[in-house]
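Report on the following structure.
The values are calculated or read from the model by the stated rules, or taken from the named source; none is laboratory data. From a predicted model like this one, the values you see are computed outputs, not experimental measurements. Because the Cβ atoms are built from the backbone with ideal geometry, glycine has one as well, and the counts that use them run over all protein chains shown. Just so you know, the surface numbers come from the protein's heavy atoms only, side chains and all, with ligands and any DNA or RNA stripped out. Shrake-Rupley method; radii C 1.70, N 1.55, O 1.52, S 1.80 Å.
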Amino acid sequence: MGTHWRLLDTGSISAARNMALDQVILNARSSNQVPNTVRFLQFSPHCVLVGYHQSVELEIEEHYCREQGIEINRRITGGGNLYWDESQLGWEIYAPKNTPGIPQRLEDMYRLMCEGVVVGLERLGVKAHFRPTNDIEVGGRKISGTGGTEMGDIFLYQGTLLTDFDVDTMLSALKLPIKKLEDKHVTSFKQRVTCLKEVLGYLPPIEEIKAALAAGISEVLGITLEPGALTETEQKSLDKEQIRFQSEEWIRGMRTIPQANDLRIAEHKTRGGLIRVSLRLDVDRQCIKSAFITGDFFAYPSRSIMDLEAALKNSSSQPAEIAKTVNQFFIDHQVSIPGVEADDFCQALCLACGKAGESSNAEEL
C-alpha cells in the first residue's frame with residue numbers, strides 16, 4: 001500500500017460524540033476531504049451501545065443504566081450490544097474498498113484488519129489470533145470484537161480491545177441469555193472473555209497500548225501513520241451531527257417491536273451472529289403483516305435489513321414462498337452478511353411463522 005495515513009487519537013468523549021464522529025469521518029473520507037485514517041477512541045462516561053440492527057428494548061437493561069449513569073447509544077455499524085467503561089480502547093480504520101492490498105471478499109478483509117491488531121498485541125507480549133468471523137482471541141478467549149460498515153466506496157472497520165474489563169457491570173447493563181442460566185454457566189461465560197490486565201498480569205499505560213497497535217496496523221497494511229487532528233470542516237460537522245446522535249430518534253432507531261396478540265418470535269444462531277425475528281401474522285390469510293428483524297450480524301449495505309422487512313410486508317408466510325422472497329431479495333439487492341446466508345433468514349422466518357415464543361439453535365454464551 002505504501003501510503004501515508006492520518007492517525008487520530010480523539011481521547012475520552014461521550015457516546016453520542018463518538019458515534020457522531022464515526023459518521024463525520026466516514027462522510028469526509030467518502031467525499032475525499034481527508035486521507036485514509038486510523039482512529040483510537042475511548043468513552044467517558046461509561047456507556048452501552050447497540051448495533052445498528054438492534055433494538056434498545058431487546059438489548060439493554062435501561063432502568064439499571066439510568067440508575068448507574070450509563071449512557072445509551074446506537075452505532076452506525078452492525079454487531080451486538082456492548083458495554084464500554086472508561087478503560088476500554090477502540091480502534092477504527094477508514095479507507096476505500098479498492099485500496100491496493102485490501103481483499104474484496106469481506107471475510108478476508110476482516111482477517112487482514114484484525115491481523116494488524118494481532119501484530120500490535122504481539123508487541124505487548126500477547127500471543128493473539130484471529131477467530132472467524134470477526135473476533136481476536138488469546139488462548140481461546142475473546143479479547144477484541146470487530147465489525148464495520150461502508151459508505152459508497154469507503155469502509156469503516158472498527159474493534160474494541162478489552163483492557164481491564166468490568167464483567168459484572170456488563171452483565172447487569174446488557175440483556176443477555178445467560179441471565180436465565182445457572183451460576184456455573186455465568187462463570188463459564190466470564191471464562192470466554194479476557195483482557196490485557198488478566199493476560200499480562202498488569203495493565204500497560206494506555207499510550208503504550210496505542211503505540212503498539214498503531215505499529216502493528218502500520219506493519220500489516222504497509223502504511224505510514226502520521227499523527228493528525230480533525231479538520232476544521234470535520235469539527236464543524238461534528239458539532240452539528242452530535243445533536244442528531246443525542247436524539248431519541250437515533251438511539252431508538254424509530255424501530256419499535258410489533259405489539260399484537262398474533263406476535264411470533266424466533267431466534268436463529270448462525271456463524272455470523274444471532275438473528276432475532278418478530279412477526280405479526282394474518283393466520284387466516286397465511287400472510288406476514290409486518291416483520292421486525294434484529295441481531296448482532298454485520299449487513300452490507302447497512303439498510304439491507306430494513307429493506308428486507310419492507311419486502312416481507314404482506315408477503316406469504318408459507319415456507320416455499322418465504323424462501324422465494326428472501327432469496328430473490330438477496331440477489332436483487334446484492335446483500336452481503338459475513339457468516340450469514342439467505343437460508344439463515346429463511347429458517348428464522350419459518351420458525352417464527354410456525355412457533356410462538358420459541359428459539360432456534362439456542363446456545364449458552
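Assorted remarks:
- Surface share of carbon and sulfur [accessible, 1.4 angstrom probe, percent] for the chain: 48 percent
- Order by protection proxy (mean Cβ within 10 Å, highest first), peptides 113-119, 48-54, 304-310: 48-54, 113-119, 304-310
- Under 5 Å from the amide H of CYS287 lie the amide H atoms of ASP282, SER317, each residue being 5 or more positions distant or on a separate chain, with H modelled from the backbone and absent for Pro and chain starts.
- Shape annotation for segment 14-74: C-alpha extents along the principal axes are 42, 24, 13 Å, from largest to smallest.
- Calculated FRET efficiency for the pair HIS129/GLU86, C-beta based, R₀ 30 Å, to 0.05: 0.60
- Under 20 Å from LYS236, Cα to Cα: aspartates and glutamates that are on another chain or at least 8 residues apart: ASP9, ASP22
- Taking all Cα pairs closer than 8 Å and separated by 6 or more residues, the relative contact order of the chain comes to 19 percent.
- Amide proton proximity set for ILE13, modelled H, under 5 Å, gap of 5+: GLN42, PHE43, SER44
- Taking only the C-alpha atoms of segment 1-119, Rg followed by Dmax gives 15.8, 49 Å.
- Rounded tilt (10° steps) of 106-123 against the dominant C-alpha axis of the chain: 40 degrees
- Extension gain for the segment GLN286 to ILE206, taken as residue separation times 0.36 nm less the Cα-Cα distance, is 23.1 nm to one decimal.
- Computed helical MRE - 222 nm, the chain, DSSP H runs ≥ 4 contributing -39500 (n - 2.57), nearest 500: -11000 deg cm²/dmol
- Cα-based helix-to-principal-axis angle, 319-333 vs the chain, degrees rounded to 10: 40 degrees
- Segment 1-149: relative contact order in percent, alpha carbon pairs under 8 Å with at least 6 residues between: 21 percent
- Normalised radius of gyration (Cα atoms, divided by 2.2 N^0.38 Å) for segment 56-120: 1.52.
- Per-residue HN-Hα couplings for segment 226-242 [Karplus 6.51, -1.76, 1.60; θ = phi - 60°; Hz; x = Gly/Pro]: 10, x, x, 9, 5, 6, 4, 5, 4, 5, 5, 5, 4, 4, 6, 5, 4
- At q = 0.06, 0.07, 0.10 Å⁻¹ the log10 of I(q)/I(0) for the chain amounts to -0.22, -0.30, -0.63, computed by Debye summation with a single uniform scatterer per C-alpha, solvent ignored.
- The share of alpha-carbon pairs in segment 259-298 lying farther apart than 13 Å comes to 54%.
- Over segment 63-202, the reciprocal of the mean inverse Cα-Cα separation, the Kirkwood hydrodynamic radius, stands at 16.5 Å.
- Segment 189-346: translational diffusion in µm²/s, Stokes-Einstein, Kirkwood Rh over Cα pairs, 4 °C, 1.567 mPa s: 65 µm²/s
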